[in-house]
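Take a look at the structure set out below.
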Amino acid sequence: MLGAGLHGNSSELLNQPTRIDIYNYVLANPGVHFRGVCNGLGLSVGVVQYHLDVLEKSGLLISVIDGNNQRYFEANAFTKADMELVSMSRHQTANKILTILTQNGSTLHRDLATSLGITSQALSWQMNKLEKADLVNAEKTGINVRYSLNCEKADALRFALTVVNASKAK
């Protein structure tokens, strides 16, 4: 995988084995957070921080802030919208919810909470985040709430889930 997407002087930046490992790890795990790189490669925080900084300043990698996490991507490989969806999909519970909705089309609140093994309140909190991100729609009928994917974002969301789930399978 070394050299994927490299041009000009970029290859000179990848003349250090640890930096190559970090760069390739990010390419294989788009949207990985800082600690994920440290843990995935068994490297110290300082080493990873130094090399990620070099890779970002050189324009090989880009990072986005996702809550308390800084997530890394290959520069110019994803749109800003795709990076946001991949970042959202990296959250374990959100990933499970979005995967279920992608597979089922729509699901009742109580059924979704049961299948996830979380409380109704925890699901409400998660769904509020996903609704604010305009990824899901909620339709209330009486006391029942049915969730479905926002059709306009469904294809982009499927792409993000594929990227995240493929890197997790490695």
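The values are calculated or read from the model by the stated rules, or taken from the named source; none is laboratory data. Only a predicted model underlies this, so the values are computations on that prediction, with no experimental measurement involved. Please note: Cβ atoms are built from the backbone with ideal geometry, for glycine as well, and neighbour counts cover all protein chains shown.
Worth pointing out:
- Consider the range 93-115 and keep the residues that are hydrophobic (A, V, I, L, M, F, W, C) and either over 19 Å from the mean Cα position of the chain (by Cα) or not in a helix (DSSP H, G or I) (or both). The one that is nearest to ARG158 (Cα to Cα) is LEU112.
- Only a single item in (1) buried (at least 16 other Cβ atoms within 10 Å of the Cβ); (2) farther than 18 Å from ASP155 by Cα is not met by MET88, and it is number (2).
- Matching entry among ASP155, ASP111 (being at pLDDT 90 or above and outside the structural domain of TYR50 (by TED's automatic domain parsing)): ASP111
- Taking the range 33-54 as the range and being under 20 Å from VAL86 (Cα atoms) and buried (at least 16 other Cβ atoms within 10 Å of the Cβ) as the test, the residues that pass are HIS33, PHE34, GLY36, VAL37, CYS38, GLY40, LEU52.
- Single residue of the range 59-92 satisfying the filter (part of a loop (DSSP other than H, G, I, E, B) and in contact with an Asp or Glu (Cβ under 9 Å, 6 or more places away or on another chain)) that is farthest from MET127 (Cα to Cα): LEU60
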